[in-house]
Amino acid sequence: MNISTEFEYFYRNISEEKLENPLLHKHQYRALLNNAIKCKGKGVFLLVFVHSSANKFLERQQIRSTYGSFSDYENEHIEYIFVLGQTLKPEIQQKINKESEKYMDIVQGNFVDSYRNLTYKLVFSLFWVNNFCSNAKFVVKADDDVIINIALLIQHLQQKKKDNLLTNVYECYMLIDKGPYRQNNSKWRTSLLEYPFPIYPPYCNGNPSIMSIDVIIKMYDTTKEVPFLWLEDVYGGGFLPWISNIEMHQPTCYGIYVTNENIHGNACKLFYLSSSSNIIFHKDIWEQISKQMNTSCKC
């Protein structure tokens, strides 16, 4: 993959003043809500950390009642954590505090929860895993609108264990030869000041990623060297693995965008993504996956 030498030079010789961000480069994160004992003393085969907006109470509950209800599968232990930023609404924070006390599966970082702060959320997730769940063998990063075929995912990772592929694992849906949006009316507009080159390095788009724990540690350490970009998937799924010399792969059974029409007969996918925010629809998808859990699948 030919990335310009200008890009390579720029990001390997960045000026010190662009590496002064207290969260990204100085790692001055604090967990306002932690649940630090989540992984302590456990043999964690898989940690799933879910990026969730502060007010997405129903979405988190949906996950707990569907794929997140599996704490063990085929003798492999699974842990789940929801990663949130700060809310400026005291009534929402009060509900989050109660939710955290009840389920003990929320961590909350010291940054405002917003679309433009998703890079902070990602690096905070790396910070938390690095400090509180580094005993996990594999980690999956997902959003709260993704449904995971947890049975197939565990089987997929078990095969890696059998093949002694426990390190340098980074799997996702890859985008290649994509450039920044320059249109003024685009939600993803990126100025030349923010990113001066016409093409991004290959990167994992905003959907789920599968990583071995060594990849998490490498990328977290690399955040000290990479200037901020608010596009979380480009920063976390492109810049960090590029600078860390981590090779990305895309499983053949990675994922599918689901509708009412195409969910049947698509059991052999790792992740299910829906443009619908309908909670009932998401539950229907999970029920279809559950019915076919013992289907013979191979990625």
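The values are calculated or read from the model by the stated rules, or taken from the named source; none is laboratory data. Here the structure is a predicted model, which means the values were calculated and not measured. So basically every Cβ, Gly included, is an ideal-geometry build from the backbone, and we count neighbours across all protein chains shown.
Data for the structure
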quantity: Condition check for residue 151: on the phi < 0 side of the Ramachandran plot and modelled with pLDDT under 95; calculated: yes
quantity: Top-ranked residue in region 235-288 [being of a type in the set (Val, Ile, Thr) and assigned to a loop (DSSP other than H, G, I, E, B); ranked as modelled with the lowest pLDDT]; calculated: 263
quantity: Residue match in region 213-223 (condition: of a type outside the set (A, V, I, L, M), at pLDDT 95 or above and part of a loop (DSSP other than H, G, I, E, B)); calculated: yes
quantity: Flag for residue 223 being among the polar types (S, T, N, Q) and more than 30 Å from residue 165 (Cα to Cα); calculated: no
quantity: Answer from 117, 110, 185, 168 - the residue that is among the polar types (S, T, N, Q), surrounded by fewer than 21 Cβ atoms within 10 Å (Cβ to Cβ), at pLDDT 95 or above and assigned to a loop (DSSP other than H, G, I, E, B); calculated: 168
quantity: Single unsatisfied condition, residue 100 versus (1) hydroxyl-bearing (Ser, Thr, Tyr); (2) assigned to a strand (DSSP E or B); (3) over 27 Å from residue 214 (Cα atoms); calculated: (2)
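Every residue, every condition in (1) under 25 Å from residue 280 (Cβ atoms); (2) in contact with an Asp or Glu (Cβ under 7 Å, 6 or more places away or on another chain); (3) without any contact (Cβ under 8 Å) to a residue 40 or more places away in the chain, yes or no:
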{"residue": "29", "(1), (2), (3)": "no, no, no"}
{"residue": "33", "(1), (2), (3)": "no, no, no"}
{"residue": "41", "(1), (2), (3)": "no, no, yes"}
{"residue": "50", "(1), (2), (3)": "yes, yes, no"}
{"residue": "55", "(1), (2), (3)": "yes, no, yes"}
{"residue": "62", "(1), (2), (3)": "yes, no, no"}
{"residue": "76", "(1), (2), (3)": "no, no, no"}
{"residue": "80", "(1), (2), (3)": "yes, yes, yes"}
